[in-house]
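*Asks:* Mind looking over this structure? Questions follow.
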Amino acid sequence: MSYKWHLKNVGLLVRCCLRPIPIAHSISDGKKTPRIVQQDAATPTSTKQYKLVTAFCCITATVFLEFWKRRRAELTYDWDLIDLEEEEEELRPQFEAKYSKVERVNPISGKPEPFQPFTDKLSRLMVSVSGIFLMISLVVTAVFAVVVYRLVAKEQFASFEWEFVKKNWQFATSGTGVCINFMIIMSLNVVYEKVAYLLTNLEHPRTESEWENSFALKMFLFQFVNLNSSIFYIAFFLGRFAGRPGKYNKLFERWRLEECHPSGCLIDLCMQMGIIMVLKQIWNNFMELGYPLLQNWWSRRKIKKGSPRQSMENKGILPQWVEDWNLLPMNPHGLVDEYLEMVLQFGFTTIFVAAFPLAPLLALLNNIIEIRLDAYKFVTQWRRPMPARATDIGIWYGILEGIGVLAVITNAFVIAITSDYIPRFVYAFKYGPCVDQGYRHEKCLRGYVNSSLSWFNMAELGNGNSGYCRYRDYRAPPWGSPPYDFTLQFWHVLAARLAFIIVFEHLVFGIKSFIAYLIPDIPKDLCDRMRREKYLVQEMMYEAELEHLQKERKKNGKRYHHEWP
C-alpha cells in the first residue's frame, strides 16, 4: 500500500474554533502502515468571526478616544479651564538656577528670562536618547536570556522522571519561562523608574508640564518594551527560524531553536499574555493597597514607641494631625503611575486582542476592583494631594492614539502570520476540493492538513531509521527536484499574507478615520453654550462701552443717541 494512497484518502475535518492546526505526522518504518494524526482547521464561519472581532476591537479603541475628547471638553468647560493654556506657565526653579547667566527676552511677556541654548539642549537630548536605547537593549538581552532558558529547559523537561511533566514538557517550558520573564519584568521596572528620573532631570525641562511629559514618555517606553518584548518574540519570531528535519538551526551549535506548540503559536502567545496580565494586575493592586497599609502601620508603630506622651500612647490615642501626618505622601510624580497602568492595560486589550480575546474582560474586572481600591487609598492611606489645574491628560492622549495605530498593524500581522487563517484561505480557493465552487462549505478545507505537511526521508539522518516522516512546512519531497525546496504553495501563501496585511490595515484605518470624522470633538450643546457665553460677553462689553460713552457726552454737554455712534 503506497504512501500516496494514504495521503489521498485522509480527510478528517474537526472543528476547533480559533485554534491553529497542530503538526501532523506520518511515519513508516517499512513494516507498519503509515499513521497520520490530524486535526483540521476552524470552519469558514469561525475565521470570519475571528477577523470581525479583531477589527471591532481596533475600531472600538478609536471610538473610545473620540468620546474621551468629548468628555474632556465637558470637564474643561465645567471647571472653567478653557483659557488656561493662554496663561504663561512658570519656569522650573532647577531650570532658572542652571541657565540664570544666559537670558533672552520672552516674546510674550517682553521680560528677560533664562534661556537654554540649542546646542546644549540638543546634546542633552542625544544623551537621553542614548540612555533610552541602552535600557531597551537591556530588555532585549533579558528576552534573549529567557529564550536560552527555554531551549535548555525543554530538554530537561522532556527527560523528566515525572510522567506528567514529561508528557507536557512544552507547557511546562512555556509556563516556567513566562514566570521567570515576569520576575525579570518587575525587577527591571524598579531600575527603569530611577533611570527615567535621572535622564529627565539631565534634560533640564523648562516648565513643570514639559518635565512631566518627558518623564511620562520615558516611563511608557521602558515599561511597554519591557512588558511586550517577549510577547512580540513569541508572536512573530518563535518557530520561524527553526529550520527543517535534517537541517535544524541551533544556538551556539548546541541547542536547537524552539518551535511553537503542535497546536500553534497562538497557544504560547495566549499563555504568555494571560499569565503576565493576571500577575501584573495582582501585583499592582497589592502595591496600591497592601504596601501603603504596611507602611502606615509601621509608621504608627514607630511613632507610638518614640513619642514622649506615654500616657496617650498607652491608650492608643494620637492627635488627628499626627495621624494625618503619619499617612504616606502622594507619589512625587503625581498621577504618572496611575496613567501608566491604564495606558499599559489599554495596550494589552488592543494590541494582541486577536491572540488573547479575554484581555478586555480581565481589564474590566480589574478596573471595577481598582476603582474601590483607589478610593480607599486616596481617602485613608495617602495624605491629601495638592490640587493642580490641567486642561487635558497631557502626553498620554498622544500615547493612546499611538497604541491604537500600533494595534491595527500588530493584529493584522497576528492574523496573517501567527494564525493559520491565510493558509486555510489559500488552500480553499486554490488547492482544495471545491476550487471552482467558491469558499462556501466546510468540505472545502478537507485535506488541508495533508497539504500543509511536507515529507522527509528519515534515512538521511544516518541513525539507522528508515521510512518517511511528516513535518509542517511547504517544501518539496525528498524525491523532488530540487529536494526540500519551497513549493509554489509557499509563495502563494506568502503573497496572500502580505496582501491581507495591506488590505486589512487600509480598511481598518479608513474606518477609524471615518468614525473620527463623524464624532465631533465638542458636543453640540456644549458648543452652543460656549457660543452663547461669548455672545453675552460681547453684549455686556457693548452695553458697558455705550453707557460709558453716553456719560462722557452728557458730561461734556453734547447730544447723544441710543445707538452706537
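The values are calculated or read from the model by the stated rules, or taken from the named source; none is laboratory data. Note that the structure is predicted; figures quoted are calculated from it, not measured. For neighbour counting, all protein chains shown are included, and Cβ atoms are generated from backbone atoms with ideal geometry for every residue, glycine included. When the accessible area is computed, the model is the full protein with side chains, heavy atoms only, and any ligands, DNA or RNA have been set aside. Shrake-Rupley method; radii C 1.70, N 1.55, O 1.52, S 1.80 Å.
*Asks:* Which count do you get for residues in the range 142-167 that are of a type outside the set (A, V, I, L, M, F, W, C), open to solvent by less than 50 Å² (accessible area, probe 1.4 Å) and at pLDDT below 80?
*Replies:* Residues meeting the conditions: 1.
*Asks:* Could you grab the pairs with beta carbons closer than 8 Å, sequence gap of 6+ or different chains, first residue in the range 356-375 and touching a residue at least 12 places away in the same chain (Cβ under 8 Å), second one open to solvent by 70 Å² or more (accessible area, probe 1.4 Å)?
*Replies:* Pro357/Val53
*Asks:* Cβ-Cβ under 6 Å, sequence separation 6+ or interchain: first residue in the range 412-425 and without any contact (Cβ under 8 Å) to a residue 60 or more places away in the chain, partner outside any helix (DSSP H, G or I) and open to solvent by 10 Å² or more (accessible area, probe 1.4 Å). Which pairs?
*Replies:* Here the result reads none, with nothing in the range 412-425 linked to a residue that is outside any helix (DSSP H, G or I) and open to solvent by 10 Å² or more (accessible area, probe 1.4 Å).
*Asks:* Given Val493, Val508, which one is surrounded by 13 or more Cβ atoms within 10 Å (Cβ to Cβ), within 37 Å of the chain's Cα centre (by Cα), in contact (Cβ under 8 Å) with a residue 60 or more places away in the chain and under 22 Å from Gly239 (Cβ atoms)?
*Replies:* Just a single option satisfies the conditions, and that option is Val493.
*Asks:* Quick check on this structure: which one of Ile371, Ile422 is of a type outside the set (Ser, Thr, Tyr), surrounded by fewer than 16 Cβ atoms within 10 Å (Cβ to Cβ) and part of a helix (DSSP H, G or I)?
*Replies:* Ile371
*Asks:* Is it the case that some residue within the range 257-269 is open to solvent by less than 30 Å² (accessible area, probe 1.4 Å), modelled with pLDDT of 80 or more and not hydrophobic (A, V, I, L, M, F, W, C)?
*Replies:* No: zero hits.
*Asks:* Does Val322 satisfy the criteria of being open to solvent by less than 70 Å² (accessible area, probe 1.4 Å), farther than 30 Å from Ser230 by Cβ and at pLDDT below 85?
*Replies:* yes
*Asks:* Taking the range 166-211 as the region of interest, how many residues are under 21 Å from Lys98 (Cβ atoms) and part of a loop (DSSP other than H, G, I, E, B)?
*Replies:* 3
*Asks:* Could you look through the range 76-111, keep only residues that are in a helix (DSSP H, G or I) and open to solvent by 60 Å² or more (accessible area, probe 1.4 Å), and pick out the one that is nearest to Val405 (Cα to Cα)?
*Replies:* Once the filter is applied, the top-ranked residue is Glu85.
*Asks:* Check whether at least one residue in the range 109-131 is at pLDDT below 85 and within 30 Å of Lys534 (Cβ to Cβ), and report yes or no.
*Replies:* Within the range 109-131, one or more residues are at pLDDT below 85 and within 30 Å of Lys534 (Cβ to Cβ).
*Asks:* Related question: If you go through the range 435-494 one residue at a time, how many are of a type in the set (Gly, Ala, Ser) and farther than 20 Å from Tyr421 by Cα?
*Replies:* Residues that pass the stated criteria total 8.
*Asks:* Residues in the range 47-56: is at least one in contact with a helix residue (DSSP H, G or I) (Cβ under 6 Å, 6 or more places away or on another chain), of a type outside the set (Val, Ile, Thr), part of a helix (DSSP H, G or I) and modelled with pLDDT of 55 or more?
*Replies:* yes
*Asks:* Can you find, within the range 456-488, the residue that is farthest from the chain's Cα centre (by Cα) among those that are surrounded by fewer than 17 Cβ atoms within 10 Å (Cβ to Cβ) and part of a helix (DSSP H, G or I)?
*Replies:* Ala459
*Asks:* Test of understanding: among Lys430, Lys443, Lys377, which residue is in contact with a Leu (Cβ under 7 Å, 6 or more places away or on another chain), part of a helix (DSSP H, G or I) and either open to solvent by 50 Å² or more (accessible area, probe 1.4 Å) or farther than 24 Å from Phe236 by Cβ (or both)? Explain how you work it out, then say what you get.
*Replies:* On the way: Lys430 fails: in contact with a Leu (Cβ under 7 Å, 6 or more places away or on another chain); Lys443 fails: in contact with a Leu (Cβ under 7 Å, 6 or more places away or on another chain).
Unique residue meeting the criteria: Lys377.
Residue by residue, here is whether (1) among the aliphatic types (A, V, I, L, M); (2) touching a Leu at 6+ places or on another chain (Cβ under 6 Å); (3) part of a helix (DSSP H, G or I) holds:
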| position | (1), (2), (3) |
| --- | --- |
| Glu338 | no, no, yes |
| Ala355 | yes, yes, no |
| Asn367 | no, no, yes |
| Ile409 | yes, no, yes |
| Ala416 | yes, no, yes |
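*Asks:* Still on this model: Give me the residue from the range 285-319 that is at pLDDT 75 or above, farther than 30 Å from Leu400 by Cβ and among the hydrophobic types (A, V, I, L, M, F, W, C) and, out of that set, surrounded by the most Cβ atoms within 10 Å (Cβ to Cβ). Spell out the reasoning first.
*Replies:* First, pick out the residues of the range 285-319 that are at pLDDT 75 or above: 285-299, 301-302, 319.
Checking the rest, the ones that are also farther than 30 Å from Leu400 by Cβ come to 293-299, 301-302, 319.
So of that shortlist, the ones also among the hydrophobic types (A, V, I, L, M, F, W, C) come out as 293-294, 297-298.
Values: Leu293: 15, Leu294: 10, Trp297: 11, Trp298: 11.
In this case the residue turns out to be Leu293.
*Asks:* Within the range 509-525, how many residues are closer than 15 Å to Arg71 by Cα and touching a helix residue (DSSP H, G or I) at 6+ places or on another chain (Cβ under 6 Å)?
*Replies:* Residues that pass the stated criteria total 5.
*Asks:* Right, here's the next one. Scan (1) more than 27 Å from the chain's Cα centre (by Cα); (2) under 25 Å from Gln281 (Cα atoms); (3) free of Cβ contacts under 8 Å to residues at least 12 places away in the same chain for the single condition Gly402 breaks and write down its number.
*Replies:* (1)
*Asks:* Which residue is nearest to Arg472 (Cα to Cα), if the candidates are limited to the range 185-228 and must be open to solvent by 30 Å² or more (accessible area, probe 1.4 Å) and among the polar types (S, T, N, Q)?
*Replies:* Filtering first and then ranking leaves Ser187.
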